[in-house]
Amino acid sequence: MQWKKYGAFLLALATSLAAFADDKPSFYMAAGIASDATTAGNAGLVGLDSLPSTLKTDSGQTEFRGTIAVGYLYPLGSKYLLMMEAGRDVGSSTRLSTAALLIAQNGYFSEIGREWRSKRNWFVALKPAFRMSDTTLAYLSLSHHQASVSERSDLWLDCNNGTCNTITSFSGSGSLSGTGIGLGMQTTFEKVGFLKIEVESIRFDRFSAAQRDPAVFTAFSSESLHPKSTVGRVMVGYRF
């Protein structure tokens, strides 16, 4: 599993860096709230009688959810530090949906409704930091994210007065990897407590799925979804 590989990498890095630390390295834990603005451009092909329809849609949603993290901090000199962090955002999945009227003529219409759900499962991050003062750090965040995604398409063909000649549904799911880059600041209080604020931009791989109704040759659907997230986090933590 991928999380085992990343865990082994962080452990190996922790072992090798300990010899370079000027001060005593320390574990830390943090929790807080995250604002998550997710957008997704979708390109799809939909079966429609004798001719397919090409659809392009953009969806977006902003949500608030909890976030938790654990990490290890290494002082690498009087001004520089390195934080290694693992965590996850806690809460419901992000739901994006669209509906499109495909054809409306001669009293008949066809349409499709689509719904996508995505959820970030966990992340690992390396955060090189610069000590601006005795209590304040500025840092760069380089992260890897793992997410899950599912989609559902409901297709109605040749409908009139609430009756449709063909009604079919398609669904699919998978996992996505993403890379993030961000900036943050951290302020220490009471020597072991801290407050940090960070903003991160995450780009995920493209999710593609194609399905066909074996009973109806003209009924098929393909999806190509590309989620992107901008996440702002405010967290309080404790070093020990």
Checklist outcome for this item: Within region 165-219, restricting to residues that are touching a Ser or Thr at 6+ places or on another chain (Cβ under 9 Å) and part of a loop (DSSP other than H, G, I, E, B), the one that is least open to solvent (accessible area, probe 1.4 Å) is Ala219
Checklist entry - From the set of residues in region 143-164 that are among the small types (Gly, Ala, Ser) and crowded, with 18+ Cβ neighbours inside 10 Å, which is farthest from Arg88 (Cα to Cα)? => result Ser153
Item to check | Search result, residues across region 77-97 that are in contact with an Asp or Glu (Cβ under 8 Å, 6 or more places away or on another chain) and in a strand (DSSP E or B) | outcome: Asp89, Thr94, Arg95, Leu96, Ser97
Next on the checklist: I'd like to verify a number: residues in region 215-239 that are over 16 Å from the mean Cα position of the chain (by Cα) and more than 27 Å from Lys56 (Cβ to Cβ), how many?
Outcome noted: 7
Checklist entry - Are any of the residues in region 222-234 farther than 29 Å from Ile112 by Cα, crowded, with 20+ Cβ neighbours inside 10 Å and not hydroxyl-bearing (Ser, Thr, Tyr)? => result yes
Checklist entry - What pairs can you find where one residue is in region 205-222 and more than 16 Å from Ser171 (Cβ to Cβ), the other is open to solvent by 40 Å² or more (accessible area, probe 1.4 Å) and not in a strand (DSSP E or B), and their Cβ atoms are less than 8 Å apart, with a gap of 6+ or different chains? => result Thr218/Asp49; Thr218/Ser50
Checklist entry - Among the residues of region 108-121, is any within 21 Å of Ile33 (Cβ to Cβ), open to solvent by 60 Å² or more (accessible area, probe 1.4 Å) and in a strand (DSSP E or B)? => result yes
Next on the checklist: Anything in region 81-102 that is surrounded by fewer than 19 Cβ atoms within 10 Å (Cβ to Cβ) and of a type in the set (Val, Ile, Thr)? List them, or say none.
Outcome noted: Val90, Thr98
Checklist entry - Name the pairs: first residue in region 119-133 and in contact (Cβ under 8 Å) with a residue 24 or more places away in the chain and more than 19 Å from Met29 (Cα to Cα), second residue open to solvent by 50 Å² or more (accessible area, probe 1.4 Å) and charged (D, E, K, R), Cβ to Cβ under 8 Å, at least 6 apart or on different chains? => result Arg120/Arg88; Phe130/Lys79; Arg131/Lys79
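The values are calculated or read from the model by the stated rules, or taken from the named source; none is laboratory data. Bear in mind that the values here come from a model prediction, so they are computed numbers and not experimental data. Neighbour counts run over all protein chains shown; Cβ positions are idealised from the backbone, glycine included. Keep in mind that these areas ignore ligands, DNA and RNA; they rest on the heavy atoms of the full protein, side chains included. Shrake-Rupley method; radii C 1.70, N 1.55, O 1.52, S 1.80 Å.
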